[in-house]
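Reviewing the structure listed below.
Taken together, the values in this text are just the output of simple stated rules run on the coordinates, not laboratory data. This one's a predicted model, so the numbers in the text were calculated from it and none came from an experiment. No Cβ is skipped: glycine too gets one built from the backbone with ideal geometry, and neighbour counts run over all protein chains shown.
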Amino acid sequence: MTQYLLSVIHAPGLPHLTEDEIQQSFVDTGAFNDEIVASGHFVFAGGLEPVTAASVVDNTQGANVITDGPYVETKEALGGFWVIEAADLDEARAIAARGSFACKNIVEVRPFQGVVELEGARA
Amino acid sequence: MTGSPSEPGPADLSARITEIVRTEHGRVVATLIRRLGDIDLAEDAAAEALLTALERWPGDGIPPNPGAWLTRTAGNKAIDRIRRESKRDAKHAEATMLMDAHQNDGPHEDTGPVTDDRLRLVFTCCHPALALDNRVALTLRLLGGLTVAEIANAFLVPETTMAQRITRSKQKIKAAKIPYRVPREEDLLTRLGGVMTVLYLIFNEGYLASSGTGVRVDLCTEAIRLTRQLTGLIEDPELGGLLALMLLTEARREARFVDGALVTLEHQDRSQWDPTLIDEGHTLVRRCLAINRPGPYQLQAAINAVHTDALDVSMTDWSQIVQLYDQLLVVQPSPVVELNRAVAVAELDGPEVALAITERLDLSTYHPWHVTRAELLRRLGRTGDATAAYDDALALVENQAERTHLLRRRDSL
């Protein structure tokens with residue numbers, strides 16, 4: 001099994017959703033989460049506050065500087081993510097496709113390097 | 001065996017070995033990838049086996065089943081390497097396990113179309129998660145057995161660029177776990193479409209290279225060979241249509257260039273067309289269309305079949321060609337198809353009607369649009385407009401043979 005990061009990209013240019021559609025996408029995303037928990041693919045997931053809430057820390061030189069974020073100003077931003085476990089890319093992208101449809105956002109699929117398994121780290 | 005009068009000379013033998021090695025490369029590598037689970041290891045082992053073949057076969061003679069010989073030799077090389085490179089117990093155990101599998105697997109067995117390893121490999125190389133250029137490069141390298149230098153040369157990019165492209169693609173396959181298997185039934189047709197795109201792109205790049213001079217025969221031959229192999233592994237009318245389309249196009253190759261200039265269909269010396277390829281193409285078109293699931297490749301092949309049916313351009317059945325384009329527009333609506341249809345309409349209803357269709361199309365960055373306009377304007381006696389249209393086309397064309405042709409057309413106005 002390989003773990004994949006499914007990044008939810010808030011991209012400009014997608015059709016604007018009505019309030020009802022937004023509420024529906026929350027419901028659908030919740031249902032999708034339940035499904036991948038039940039199927040055993042779910043590892044972790046989270047939605048993020050807007051990029052305006054981000055701060056940047058630079059302690060590479062030991063000076064520990066903190067500045068207002070985000071670090072990279074782009075029109076596209078990471079809005080949330082899932083970490084899933086799948087047999088291969090085809091399974092991962094089939095899951096990503098369902099997630100994208102539920103949350104009405106573009107999803108990027110990216111494999112993790114070999115995952116460090118910590119004893120007892122996962123319930 | 002040596003010394004008999006029918007024995008081929010060293011030059012023939014070397015050509016024969018090269019041919020075998022290229023034909024068998026995909027199968028050997030594909031089988032090894034499944035057994036070893038590692039593309040690089042499989043490739044290296046295959047390369048070593050091929051070198052051994054080149055050393056031994058001229059003296060020992062070509063073995064009765066060269067593919068099996070190459071697979072067995074490459075498998076042994078891989079096991080040797082795993083043993084050599086690591087003395088660790090785990091690796092050693094792995095090698096022993098592989099060796100057992102290798103020996104029990106039997107020599108190069110043909111286990112039927114569905115389990116043919118080459119089919120797994122083609123779907124991995126043409127996976128939609130890889131960029132199109134990378135799919136093309138990987139397919140030619142792993143299935144076609146072309147060297148990185150040959151592929152780089154064919155696509156006019158530096159060898160280091162091509163090497164990087166191939167290496168990155170292989171890394172992505174490994175890191176992202178792009179699966180090594182034939183897609184499930186519900187995905188198969190879509191994924192096969194992606195494979196056909198790659199094969200047709202290889203063919204077209206060879207047929208009328210986007211720059212440089214004329215045809216790059218190697219790419220056409222390679223595309224046909226790979227498509228032919230695939231038709232033996234998977235039954236699909238569109239795949240048959242693609243092969244027919246390639247064969248009927250390839251059949252006209254000899255007639256397409258005279259003294260470094262492109263010769264268009266209507267001016268070609270049809271006695272130079274290859275009758276064997278045309279026969280095979282026609283048979284395929286008939287067989288595919290009889291299944292009654294027409295798709296873009298079959299219809300384009302059918303159009304080419306009508307063209308190659310006419311002994312002389314005046315005998316062309318233009319109404320059938322227009323009908324086929326109408327069908328093609330239904331399954332693949334595109335301005336390029338409409339443009340090609342307009343060319344046939346010109347023969348049926350005259351240049352005025354065809355020009356009206358052409359002018360409606362938004363294709364000003366596509367040089368054949370300017371060429372079509374130029375030819376239609378020429379027939380309508382609008383010399384000044386035609387000259388301008390040839391110039392617009394020339395500004396977009398890099399292929400030398402096509403430039404020569406267009407310059408001649410313009411200057412003969």
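Structure above, values below:
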read-out	value
Relative contact order, percent, region B:272-413 [alpha-carbon distance under 8 Å, six or more residues apart]	13
In degrees, nearest ten, helix B:275-290 long axis to first principal axis of chain B (Cα)	90
Theoretical gain in end-to-end length, B:Ala11 to B:Arg168 [0.36 nm per residue, Cα-Cα removed]	52.8 nm
Pairs of alpha carbons in region B:167-284 whose separation is greater than 25 Å (percent)	35
Spread of Cα-to-Cα distances over 10 Å intervals beginning at zero, given as percent, for region B:166-211	22, 33, 35, 10
Neighbour-count ranking [beta-carbon atoms within 10 angstrom, fewest first] of B:Leu377, B:Leu363	B:Leu363, B:Leu377
Helix-only [θ]222 nm of chain B, DSSP H runs n ≥ 4, -39500 (n - 2.57) each, per residue, nearest 500	-22500 deg cm²/dmol
Long-range Cα-Cα pairs in the protein assembly as shown (distance over 39 Å), rounded percent	43
Rg in Å to one decimal, and Dmax rounded to a whole Å, for chain B via C-alpha atoms	24.5, 83
Solvent-free Debye scattering, log10 I(q)/I(0), computed from the Cα coordinates of chain A at q = 0.20 Å⁻¹	-1.17
Exposed GluC sites (Glu not before Pro) absent: longest stretch of chain B, with sites in DSSP loops and at most 16 other Cβ within 10 Å deemed exposed	B:236-397
Shielding by partners, peptide B:164-177 (average Cβ within 10 angstrom, other chains)	2
Crossing angle, helix B:351-360 versus chain B [Cα axis fit, 0-90 degrees, rounded to tens]	60
Dimensionless Rg/Rh of region B:335-413 - Kirkwood Rh, Rg from C-alpha atoms	0.95
Long-range Cα-Cα pairs in region B:243-359 (distance over 21 Å), rounded percent	40
Between helix B:159-175 and chain B: long-axis angle, C-alpha atoms, 0 to 90°, nearest 10	60
